[in-house]
Amino acid sequence: MAELKTVAFHTLGCKLNFSETSSLSRILENEGFEKKEFDDRADIYVINTCSVTENADKECRYLVRSIQRKSPESLVVITGCYAQLKPKEIAEIPGVNLVLGAAEKFNIAQHIRQLARGDSAKICSCDIEEVSGFHSSYSLNDRTRAFLKVQDGCDYNCSFCTIPAARGKGRSDSIKHVISNVKELAANGAKEVVLTGINLGDFRPPAPQRRNFEETSAAEKQNFYSLINELDKIDGIQRYRISSIEPNLLTNEIIEFVANSDKFMPHFHVPLQSGSNAILGMMRRRYRKEFYAGRVKLIKTLMPHCAIGADVIVGFPGESENHFKETFDFLHSLDISYLHVFTYSERDNTLAASMEGVIPVNIRHERNKMLRNLSYKKMQWFTQQHEGQIRKVLFEGHEKEQMMEGYTDNYIRVSTPFRVEWCNQLVDWTL
Ligand code: SF4
């Protein structure tokens, strides 16, 4: 078999997946592979899949077919959440050579070396309960903003979610290792680091191996708050953002810390999912709407300029007109800046998939549209509140149609004609 020299990647899903793809790419580049664009011809194509994406199956088949059309001799590797959940289904897709589950993803180089063209698809995967290692990863876009994974997996059991089955138990990086990654990013020119994880607020660094009583109790007390305290002290990084944090883990001390930090940006993304307590109960969420409203109130009291985003799911089984109205009115009343709206869709092996009260798909879509309109108005209102203010914008280095983009501290997007001297720089900007 001719030597495999080039590799191209395609990522589906969230920022965590993007950061993991970047790490897979670095692993293979260190092994001597040359990275190609996905649209180009490459010896190997790696698709990093997502289980949240509706039609993950169709998307995966479509991508494999497109590879076969442009480059029938190439090898195709599928990894990511969907590969962990449905390895056999994926292995049966014509053209797939290797399926890597959660435990084997970062051993990609070794698995690729053992691949041979013409073999039937090989599955390298184990039960998710056996997945326990943590692999840190980061992606660095345009050398401006980096997404750094510090936590993986989740011990919660929200009734709609397949992520614990795809990514396994909650586990975290050590604070020491996160610090070393952040220093590396700073040395590579990153100005902003976005901390990412599946259940980020549940960050619990592993206990040291040999330890005495004092070390054990000190280690056990370490949590997300300890992490942000340490990161705040590092020179070189000017901005941090917390990608998303469960409301029940967003403690007063974290909110107060961010309010007093120059480096942690006034921006929170806090999943709500529903504004009806009955639906939150069926979703097995660990808070109720009153608690969520209390989080928003504290944030806005300490940081009136803070951006707050919320995830919401519409069309969950049993979500009556009244439940939806309750959600709509609750979101309307909350002082938040934008929404990420998801249309509920059934996922195999979840409790919600067998619940009664299935909502017709057209109604799910109508509700989605209503909340997206509300989100648009909220974002407009939030932006208007800051008109005339001078805020710092971190401009990115990417030029698109002679324009450049950046974000204020409180996540307002700014676009302006491209100026090379502003790339990767903080600029005082009048909104
Ligand atoms: S907190 Fe709930 S929704 Fe989020 S990953 Fe864990 S189980 Fe899924």
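Answer yes or no as to whether H332 is surrounded by fewer than 22 Cβ atoms within 10 Å (Cβ to Cβ), of a type outside the set (V, I, T) and touching a residue at least 60 places away in the same chain (Cβ under 8 Å).
Values: surrounded by fewer than 22 Cβ atoms within 10 Å (Cβ to Cβ): yes; of a type outside the set (V, I, T): yes; touching a residue at least 60 places away in the same chain (Cβ under 8 Å): no.
When the stated conditions are applied, H332 does not pass them.
Of the numbered conditions (1) of a type outside the set (V, I, T); (2) within 16 Å of the ligand (Cβ to nearest atom); (3) touching a residue at least 60 places away in the same chain (Cβ under 8 Å), D155 satisfies every one except a single condition; which is it?
(3)
Looking at region 364-379, can you tell me whether even one residue there is at pLDDT 95 or above and in a loop (DSSP other than H, G, I, E, B)?
no
If A353 passes every condition in (1) under 30 Å from L85 (Cα atoms); (2) outside any helix (DSSP H, G or I); (3) not polar (S, T, N, Q) but one, which one does it miss?
(2)
Give me the residue from region 402-431 that is part of a loop (DSSP other than H, G, I, E, B) and of a type in the set (A, V, I, L, M) and, out of that set, surrounded by the most Cβ atoms within 10 Å (Cβ to Cβ).
I412
Go through the residues of region 174-194 one by one and say whether even a single one is within 16 Å of the ligand (Cβ to nearest atom), surrounded by fewer than 22 Cβ atoms within 10 Å (Cβ to Cβ), of a type in the set (G, A, S) and assigned to a loop (DSSP other than H, G, I, E, B).
no
How many residues, within region 131-151, are outside any loop (DSSP other than H, G, I, E, B), touching a residue at least 60 places away in the same chain (Cβ under 8 Å) and within 16 Å of the ligand (Cβ to nearest atom)?
Total meeting the criteria: 1.
Looking at (1) part of a helix (DSSP H, G or I); (2) of a type in the set (D, E, K, R); (3) within 30 Å of L148 (Cβ to Cβ), can you tell me which one R69 breaks?
Of (1) part of a helix (DSSP H, G or I); (2) of a type in the set (D, E, K, R); (3) within 30 Å of L148 (Cβ to Cβ), only one is false for R69: (3).
List every residue pair whose Cβ atoms sit under 7 Å apart, with the two residues 6 or more apart in sequence or on different chains, where the first one lies in region 370-398 and is within 14 Å of G309 (Cβ to Cβ) and the second, anywhere, is exposed (fewer than 15 other Cβ atoms within 10 Å of the Cβ).
L374/H332
Residue-wise test of (1) assigned to a strand (DSSP E or B); (2) in contact with a helix residue (DSSP H, G or I) (Cβ under 6 Å, 6 or more places away or on another chain); (3) within 16 Å of the ligand (Cβ to nearest atom).
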| position | (1), (2), (3) |
| --- | --- |
| I255 | no, yes, no |
| I279 | no, yes, yes |
| M282 | no, no, yes |
| R286 | no, yes, yes |
| E290 | no, no, no |
| K297 | no, no, no |
| G309 | yes, no, yes |
| N322 | no, no, no |
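With respect to G170, is the statement that it is crowded, with 18+ Cβ neighbours inside 10 Å and either in contact (Cβ under 8 Å) with a residue 24 or more places away in the chain or closer than 30 Å to E3 by Cβ (or both) true?
Yes, satisfied.
Within region 268-294, which residues are surrounded by 22 or more Cβ atoms within 10 Å (Cβ to Cβ) and over 24 Å from N322 (Cα atoms)?
F268
In the set E92, E54, which member is modelled with pLDDT of 90 or more and of a type outside the set (S, T, N, Q)?
Testing whether each residue is modelled with pLDDT of 90 or more and of a type outside the set (S, T, N, Q) leaves just E92.
Could you tell me whether region 357-366 includes any residue that is farther than 25 Å from L140 by Cβ and touching a Leu at 6+ places or on another chain (Cβ under 7 Å)?
There is no residue in region 357-366 that is farther than 25 Å from L140 by Cβ and touching a Leu at 6+ places or on another chain (Cβ under 7 Å).
Being surrounded by fewer than 16 Cβ atoms within 10 Å (Cβ to Cβ) and either modelled with pLDDT under 95 or not in a helix (DSSP H, G or I) (or both) is the filter here; which residues of region 212-238 pass it?
Residues satisfying the conditions are N212, F213, E214, E215, T216, S217, A218, E220, K221, K233, D235, G236.
Within region 118-126, is there a residue that is farther than 23 Å from A56 by Cβ, within 16 Å of the ligand (Cβ to nearest atom) and either surrounded by fewer than 15 Cβ atoms within 10 Å (Cβ to Cβ) or not charged (D, E, K, R) (or both)?
The answer is no, given that none of the residues of region 118-126 is farther than 23 Å from A56 by Cβ, within 16 Å of the ligand (Cβ to nearest atom) and either surrounded by fewer than 15 Cβ atoms within 10 Å (Cβ to Cβ) or not charged (D, E, K, R) (or both).
Looking at region 397-431, which of its residues are of a type in the set (S, T, N, Q) and more than 21 Å from the chain's Cα centre (by Cα)?
Once the filter is applied, which keeps residues that are of a type in the set (S, T, N, Q) and more than 21 Å from the chain's Cα centre (by Cα), region 397-431 yields Q402, S415, T416, N424, Q425, T430.
Might you let me know whether region 33-49 holds any residue that is hydroxyl-bearing (S, T, Y), surrounded by 16 or more Cβ atoms within 10 Å (Cβ to Cβ) and within 21 Å of S244 (Cα to Cα)?
Yes, region 33-49 contains a residue that is hydroxyl-bearing (S, T, Y), surrounded by 16 or more Cβ atoms within 10 Å (Cβ to Cβ) and within 21 Å of S244 (Cα to Cα).
Of all residues in region 53-89, count the ones that are within 28 Å of E3 (Cβ to Cβ) and either under 21 Å from the mean Cα position of the chain (by Cα) or of a type in the set (D, E, K, R) (or both).
9
Restricting region 232-253 to residues that are touching a His at 6+ places or on another chain (Cβ under 9 Å) and closer than 30 Å to A353 by Cβ, which is nearest to the ligand (Cβ to nearest atom)?
It comes out as S244.
Name the residue, out of G168, G101, that is under 19 Å from A56 (Cβ atoms), modelled with pLDDT of 90 or more, out of contact with any strand residue (DSSP E or B) (no Cβ under 6 Å at 6 or more places or on another chain) and within 16 Å of the ligand (Cβ to nearest atom).
The match here is G168.
The values are calculated or read from the model by the stated rules, or taken from the named source; none is laboratory data. All values derive from a computational prediction rather than experimental measurement. All Cβ positions, even for glycine, are placed from backbone atoms using ideal geometry, and neighbour counts span all protein chains on display.
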